[in-house]
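Visitor: One structure, pasted below without further comment.
The values are calculated or read from the model by the stated rules, or taken from the named source; none is laboratory data. Just so we're clear, the structure is a prediction, and the values are computed from it rather than from any experiment. Glycine gets a Cβ as well: all are built from the backbone with ideal geometry, and neighbour counts include every protein chain shown. Just the protein is used for accessible areas: all its heavy atoms, side chains included, with ligands, DNA and RNA removed. Shrake-Rupley method; radii C 1.70, N 1.55, O 1.52, S 1.80 Å.
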Amino acid sequence: GTNITGTGMPAAPNSLSCVAVGTTDNNLLATFSNFLGTPGQVWVSTTGGGAAAWTNITGNLPDIPVRWAMFFPEDNTKALLGTDLGVWETTLINGGSTVWVQDPAFPIARVDMLQYRATDGLVVAATHGRGIWTASIPFTTPYVRFAFPATSKQELTTATTGCRSYTDYTVDMRIDIAPTGNANITLNGSGA
């Protein structure tokens, strides 16, 4: 494994509670579930982590345990947090000046997990003792995605053109919302 811990991040015995991945593996959120004060409970990296790659974005968040984090779908500048005081969110990750707002529609309850379902924009918050809560993040842009997280195909030769043998494979894709125009999708493959 590779150590991606940032300089200045809380050290043991503080508890790392979540590492969330954004639109790429370079966009990361890390949270800690202890009462920390300084150095802070929420950190972000846009370069995949490492000693000098993390920024403390705790901002105005109270000194509370943060148990889960997630970026907004397709947006590495916004985030949601599951904390001991409910759900908090920011519409702009802005270093130490990040402003977190407590969701007023959510109860003051410990949130242990947040999950997002891309097929319909549903966010689920799992609480400790107050049940499961849901909300929708409306789609604003149609995104074309792989229909399944993984697939495997056996290498075959089903046709030949000149001296090249090949097989056409179907890759299932989906789109989040109705498209507003044509889209060109390019997929690149690599042999393993």
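Visitor: Which of W43, W133, W88 ends up with the largest GNM mean-square fluctuation for the chain, with Cα atoms connected below 10 Å?
Guide: Per the Cα network of the chain with a 10 Å cutoff, W133 tops the list.
Visitor: Given a 1.4 Å probe and every protein chain left where it sits, what share in percent of the accessible area of the chain is carbon and sulfur?
Guide: Numbers: 6160 of 11720 Å².
Of the solvent-accessible surface of the chain, carbon and sulfur hold 53 percent.
Visitor: Given a Förster distance of 41 angstrom, what is the FRET efficiency for I185 paired with D63, based on the Cβ-Cβ distance and rounded to 0.05? Write down the numbers at each step before the final one.
Guide: On the way: r = 46 Å, r/R0 = 1.12.
Given R0 = 41 Å and the Cβ-Cβ separation, E is 0.35.
Visitor: How do the peptides 64-73, 117-126, 157-166 rank, highest first, by the average count of neighbouring beta carbon atoms within 10 Å per residue? Could you put the intermediate results ahead of the total?
Guide: Details: 64-73: 21.1, 117-126: 14.6, 157-166: 8.4.
Ranked from most to least packed, the peptides come out as 64-73, 117-126, 157-166.
Visitor: Still on this structure, I have one more. Tell me the label only: which of [x] 68, 37, 30; [y] 142, 20, 17; [z] 57, 37, 33 is Cα extents along the principal axes in Å as calculated from this structure?
Guide: Here the calculated entry is [x].
Visitor: Let me know the volume per residue of the alpha-carbon convex hull for the stretch 26-115, in Å³.
Guide: Hull volume over Cα atoms, normalised by residue count, gives 92 Å³.
Visitor: Rg and Dmax of the stretch 25-68 over Cα atoms: what are they, in angstrom?
Guide: For the stretch 25-68, the Cα-based Rg and Dmax read 10.5, 28 Å.
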